[in-house]
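Working notes, structure below.
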Amino acid sequence: MILSLPTVRTVRDLRAAVGAWHAAGERVALVPTMGALHRGHLALVERGRALCPRVVASLFVNPTQFGPNEDFVRYPRDEVRDAALLAGAGCDLLYAPDVAEMYPERFATTVDAGPIAERQCGPFRPGHFAGVATVVTKLLLQSAADVALFGEKDFQQLQVIRRVARDLDIPAVIEGVPTVRESDGLALSSRNVYLTPEQRAVAPALYRTLTEMARRIEGGSEVAAVAADGLATLSGAGFTAIDYLDVADAETLAPLARLDRPGRILGAVWLGKTRLIDNITVVPVR
Ligand code: AMP
């Protein structure tokens with residue numbers, strides 16, 4: 001059975017739906033997505049459901065967060081399938097605006113989250129986090145959601161959004177949701193469909209390497225030595241290229257030389273034309 005999901009495509013209709021729930025005293029969770037949904041996205045909906053009686057998912061492949069040579073055009077799109085998955089996961093409403101609704105003529109404002117957006121993926125994807133921060137700011141203000149859920153899979157994005165929400169006094173509570181993985185550790189991603197079987201076999205080495213690094217750092221090994229070994233392991237694992245492998249302060253994402261506060265290990269690698277990112281927590285052991 002294909003479940004159908006009420007769908008709105010304008011800010012006005014979104015506000016009317018959410019306004020009615022708020023008037024009835026119901027809190028509303030927002031799950032922003034670009035579609036091509038998988039279990040990772042559905043985990044966000046389920047967490048939203050656990051926190052609020054109403055869940056709205058947005059589906060918008062945001063052109064401003066893709067670089068000129070990135071996969072905006074070929075990004076997988078299937079709204080009917082996505083809507084059925086969302087309905088099955090307990091979502092109440094789909095918000096699927098078109099580009100003209102999101103960026104009307106003469107649109108000119110961008111949100112810049114500062115230094116946190118300049119680290120890790122920043123230099124490799126110029127303009128990406130400005131695109132993300134701007135569209136998420138709009139989604140939070142358009143929906144007036146009480147809670148918004150984001151995956152730790154995109155940890156830098158999550159921390160950028162937390163920075164923006166704090167700095168701009170956006171009232172939504174920003175909730176991070178743990179990364180959903182395949183059984184071999186590969187983080188679920190809409191882009192995994194691009195991988196050939198050979199590339200798919202190499203892909204789990206990213207998470208394996210991050211896990212081994214976290215184990216050693218938490219065991220007391222020196223961060224710089226572990227980072228160098230991690231890079232060597234990744235280099236030998238069969239990836240086409242490595243953008244970065246960083247041990248960072250979990251909040252600011254600035255380099256972390258010693259594990260004297262919560263950290264995060266973040267990496268980005270290429271398999272052919274597909275870019276994979278992943279990250280893992282690393283915490284001081286008492
Ligand atoms: P996207 O559609 O790729 O923009 O992702 C929409 C949301 O789903 C973002 O908050 C992502 O961090 C989150 N997400 C994507 N993949 C996963 C995953 N494997 N586990 C948890 N959340 C994820």
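Name the residue from 226, 256, 21 whose Cα lies farthest towards the positive end of the charge dipole of the chain, charges +1 on Cβ of Lys and Arg and -1 on Cβ of Asp and Glu.
With unit charges placed on the Cβ atoms, the residue in question is 21.
Evaluate the Kirkwood expression for the hydrodynamic radius of segment 99-237, namely the inverse of the mean inverse distance over all pairs of different C-alpha atoms, and round to one decimal in Å.
On the way: mean 1/r = 0.0569 Å⁻¹.
By the Kirkwood definition, the hydrodynamic radius is 17.6 Å.
Of the DSSP beta bridges with both residues in segment 129-278, give the percent that are antiparallel, rounding to the nearest 5.
On the way: 15 of 20 bridges.
So the antiparallel bridges amount to about 75 percent of the total.
Please sort by residue number the trypsin sites (Lys or Arg not before Pro) in segment 47-121 whose DSSP state is loop and whose Cβ has at most 15 other Cβ atoms within 10 Å. Spell out each step's value before the answer.
Numbers: sites: 47, 49, 54, 74, 77, 81, 106, 119; in loops: 74, 77, 106, 119.
Loop-located and lightly packed - 74, 77, 106.
Using a 1.4 Å probe on the protein heavy atoms, what percent of the accessible area of segment 227-286 belongs to carbon and sulfur?
Values: 1620 of 2840 Å².
Carbon and sulfur: 57 percent of the exposed surface of segment 227-286.
Could you give the C-alpha radius of gyration of the chain expressed as a fraction of 2.2 N^0.38 Å, taking N as the number of residues it contains? Provide the component values of the computation, followed by the final result.
On the way: Rg = 19.2 Å, N = 286, 2.2 N^0.38 = 18.9 Å.
For the chain, the normalised Cα radius of gyration is 1.02.
Using only the Cα atoms of segment 40-161, each taken as one equal point scatterer with no solvent, compute I(q) by the Debye sum, divide by I(0), and report log10 of the ratio at q = 0.19 Å⁻¹.
-1.24
Suppose all protein chains stay in the model; what accessible area per residue would a 1.4 Å probe give for the chain, in Å²? It would help to have the intermediate numbers written out before the result.
On the way: 13470 Å² over 286 residues.
Counting only protein heavy atoms, the per-residue value for the chain is 47 Å².
If the viscosity is 1.002 mPa s and the temperature 20 °C, what translational diffusion coefficient in µm²/s does Stokes-Einstein give for segment 170-286 when Rh comes from Kirkwood over Cα pairs? Numbers along the way, then the final one.
On the way: Rh = 14.9 Å.
Taking Rh from Cα pairs, D becomes 143 µm²/s.
About its Cα centre, how strong a charge dipole does segment 161-231 have in debye, to the nearest 20, once Lys and Arg get +1 and Asp and Glu get -1 at the Cβ? Can you show the working numbers first?
Values: 9 positive and 10 negative charges, 24 e Å.
My answer is approximately 120 debye.
All other residues with a Cβ under 12 Å from the Cβ of residue 111 taken together, and with Lys, Arg as +1 and Asp, Glu as -1, what is their net charge?
Values: positive: 138, 163; negative: 112, 167.
Spelling it out: positives minus negatives among the neighbours equals 0.
Measure out, as a whole number of angstrom, how far apart the alpha-carbon centroids of segment 121-195 and segment 228-258 sit.
Centre-to-centre (Cα) distance: 20 Å.
Please report the equivalent ellipsoid semi-axes of segment 1-72, computed as sqrt(5 x eigenvalue) of the Cα gyration tensor, largest first, in whole Å. Display every interim value, and only then the final one.
Values: eigenvalues 125, 52, 29 Å².
They are 25, 16, 12 Å, listed from largest to smallest.
With charges only on Cβ, +1 for K and R and -1 for D and E, what is the dipole size of the chain about its Cα centre, in debye, rounded to 20? Don't skip to the answer; put the middle values down first.
Values: 31 positive and 33 negative charges, 43 e Å.
Computed about the Cα centre, the dipole is about 200 debye.
What number, rounded to the nearest 500 deg cm²/dmol, is the helix-based mean residue ellipticity at 222 nm of the chain, given -39500 (n - 2.57) per DSSP H run of at least four residues and division by all its residues? Intermediate results must be reported in sequence, preceding the final value.
Values: 9 runs with 102 residues, N = 286.
Estimated from H runs of four or more residues: -11000 deg cm²/dmol.
The values are calculated or read from the model by the stated rules, or taken from the named source; none is laboratory data. Values in this document were obtained by computation on a predicted structure and should not be read as measured data. All Cβ positions, even for glycine, are placed from backbone atoms using ideal geometry, and neighbour counts span all protein chains on display. Protein only, heavy atoms only, side chains kept; ligands, DNA and RNA dropped before computing areas. Shrake-Rupley method; radii C 1.70, N 1.55, O 1.52, S 1.80 Å.
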